[in-house]
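Let me begin by presenting the structure, written as structure tokens, before commenting on it.
The values are calculated or read from the model by the stated rules, or taken from the named source; none is laboratory data. Predicted model, so just to flag it, every value in this text is computed and none were measured. So basically every Cβ, Gly included, is an ideal-geometry build from the backbone, and we count neighbours across all protein chains shown. Just the protein is used for accessible areas: all its heavy atoms, side chains included, with ligands, DNA and RNA removed. Shrake-Rupley method; radii C 1.70, N 1.55, O 1.52, S 1.80 Å.
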Amino acid sequence: MIKDSIEIINNKIRKAELKSGRKEKSVKLMAVSKFHPAEAVLEAIKAGQLLFGENRVQEAMEKFPAIQEEYPQCQLHIIGSLQSNKVKNAVKIASCIESLDRLDLLPHIEKHSAALNKNIKVLLEIHTGEDSKSGFESEDDIRKALAEIEDKYPHIIPAGFMTMAPFTDNQTEIHKAFEKARLIAEKMKSEYHNFDLSELSMGMSGDFEIAIEEGSTLVRVGTAIFGERDYSKK
Ligand SMILES: *Cc1c(COP(=O)(O)O)cnc(C)c1O
């Protein structure tokens with residue numbers, strides 16, 4: 001049952017917070033509903049879950065407008081790499097784009113947010129794991145993105161950082177990836193006082209407890225809530 005899974009994950013999050021000396025409830029849970037139907041999302045909402053993540057805009061557009069009409073408090077973040085022709089819809093349905101991984105998305109995001117008269121949050125994706133191709137590679141690239149947003153894009157609100165650890169059982173490697181993201185995030189926070197860069201989105205079903213130890217403020221959990229994804233369906 002989705003409700004039971006959400007309760008189990010929330011308990012594990014609270015335990016991990018305690019274990020790593022984090023403040024209680026300092027870590028938020030996002031339910032990643034990709035490849036799962038709207039009914040599953042509704043079941044999660046009834047269990048009190050209000051923050052969701054989707055990695056494909058097309059799929060999100062099929063599910064979320066109707067859900068958000070019924071439950072306006074329900075929030076969606078886009079967490080997958082974005083093509084520029086998908087930005088318009090992404091900005092329409094999401095409150096945050098967590099997968100900002102390159103500069104050339106910025107003018108598109110600004111244009112469509114301005115047209116909707118809506119401010120949109122973004123997290124800058126940091127490349128830490130070998131398996132993921134996306135994300136900013138260097139601190140200088142991140143500085144460049146933040147400076148450009150500050151100069152030119154008033155509807156884009158940088159809110160922090162996101163990363164994906166490598167897909168491995170090697171716990172040391174996972175720790176290292178999350179630590180790298182945290183150190184970069186801390187450095188950028190100390191340099192840019194005009195933005196609140198406090199969000200650090202990291203950790204998935206298999207590694208969210210490690211991510212919390214390393215400073216995550218937002219964990220993105222799919223499989224452990226909704227079960228395995230059936231990729232043959234899409
Ligand atoms: C699919 C996905 C998740 C959730 O992964 P699970 O292992 O199912 O918890 C988290 N973050 C991103 C970016 C994803 O694409």
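The table for this structure:
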read-out	value
Förster radius 41 Å - calculated FRET efficiency between Glu137 and Ile8, Cβ distance, rounded to 0.05	0.70
Listed residue (Ala60, Ser26, Leu218) projecting farthest to the positive dipole end of the chain, Cβ model	Ala60
About the Cα centre, charge dipole magnitude for the chain (Lys/Arg +1, Asp/Glu -1 at Cβ), debye	500 debye
Within the accessible area of region 101-234 (1.4 Å probe), percent carbon and sulfur	47 percent
Point-charge dipole on Cβ atoms (K/R +1, D/E -1) for region 101-177, about Cα centre, debye to 20	440 debye
³J(HN,Hα), Karplus 6.51/-1.76/1.60, whole Hz, each residue of region 66-78, x for Gly, Pro	5, 5, 5, 5, 6, 10, x, 6, 6, 10, 10, 10, 8
Cα gyration tensor, the chain - rounded (a/c under 1.5), prolate or oblate	oblate
Reachable lysines from Lys23, criterion Cα separation under 20 angstrom, eight or more residues apart if same chain	Lys12, Lys15, Lys189
Sites Glu24 and Ile157 - FRET efficiency at Förster radius 22 Å, r taken between beta-carbons, to 0.05	0.25
Hydrodynamic radius of region 1-113 per Kirkwood, over alpha carbon pairs, in Å	15.2 Å
Ellipsoid semi-axes in whole angstrom, largest first, where each is sqrt(5λ) of the Cα gyration tensor of region 164-234	27, 15, 10
Accessible area (Å², per residue) of region 140-189, counting only protein heavy atoms and a probe of 1.4 Å	51 Å²
Sequence-distant aspartates and glutamates (8 or more away, or on other chains) whose Cα lies within less than 14 Å of Lys3	Glu39, Glu43
Amide proton proximity set for Leu200, modelled H, under 5 Å, gap of 5+	Phe161, Thr217, Leu218
Other-chain or far-sequence residues with amide H under 5 Å of Ile157's (modelled H)	Ile120, Lys121, Val122
